[in-house]
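Working notes, structure below.
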Amino acid sequence: MKRALLYTSVFLTLLSGPMVRAETAQPLTDEYIASIKSGCTDALQGLLRVQKTEAATRVNRGREYESILKLVAAFNSRVVFNKLDAPLLTSTTAKLQTDFNDFQAHYIDYADKVDATLEINCKQAPVTFYDSLTSARDARAKVAKDVADIEVLLGDYQRGLDELKTQLVTLEGIKP
């Protein structure tokens, strides 16, 4: 049981950690390959759990982003209609849409790579399984970067809203 927990935690750490490499890929040792074979059943179960959890998270996050983009577009059109100057809002909105599209594409790529990894018989092809898992991990890192980039842009949009509010207060002489 402890061994299964160890393999699962190692697998999830590999899957969820950021991908940073300075060295070239080294061939896997026989000992490491044997370790992959012995823990692959647990790794596959862990990967299935991650797949189910992240699929729901992606759908929910995607819906949130779509809702935000609709609200932002509606608000921007009101800003333009009222002949207000808010270049930060419009430029940030364009970047948000681009990053959201990247998020969708990268997530589909990640999901496809996880699906492909799950189809590999890790006992018969441990190196292929490991390589596929590494590829899925790299794809997941792209999704994580997209989420972080979108969060930064949402903060930028909030700053743009604050600037617009200050501009309106100054123009109208309204107290905040």
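A short reminder: the numbers here are calculations on the coordinates, not readings from a lab. Only a predicted model underlies this, so the values are computations on that prediction, with no experimental measurement involved. A quick note on method: Cβ atoms are made from the backbone with ideal geometry, for glycine too, and the neighbour counts reach across all protein chains shown.
In this structure, the pairs whose alpha-carbon distance is over 24 Å, taken from 37/113; 52/145; 37/142; 113/145; 52/113, are 37/142. Distance from the C-alpha centroid of the range 120-146 to that of the range 58-118: 27 Å, rounded to the whole angstrom. For the pair residue 172 and residue 78, label points projected 7 Å from Cα toward Cβ lie 1.1 nm apart. Mean separation of Cα pairs under 8 Å and 6 or more residues apart, divided by the residue count, gives the range 55-172 a relative contact order of 31 percent. What FRET efficiency comes out for the pair residue 148/residue 121, r = Cβ-Cβ distance, R0 = 22 Å, nearest 0.05? Here the calculated transfer efficiency is 0.05. For the range 42-118, the normalised intensity computed at q = 0.17, 0.27 Å⁻¹ comes to -0.73, -1.20 (log10 of I(q)/I(0), Debye sum over alpha carbons, equal scatterers, no solvent). Give the Debye-formula value of log10 I(q)/I(0) at each listed q (0.15, 0.20, 0.23 Å⁻¹), with one equal scatterer per alpha carbon of the range 55-172, two decimals each. Scattering profile of the range 55-172, log10 relative to I(0): -0.73, -1.02, -1.20.
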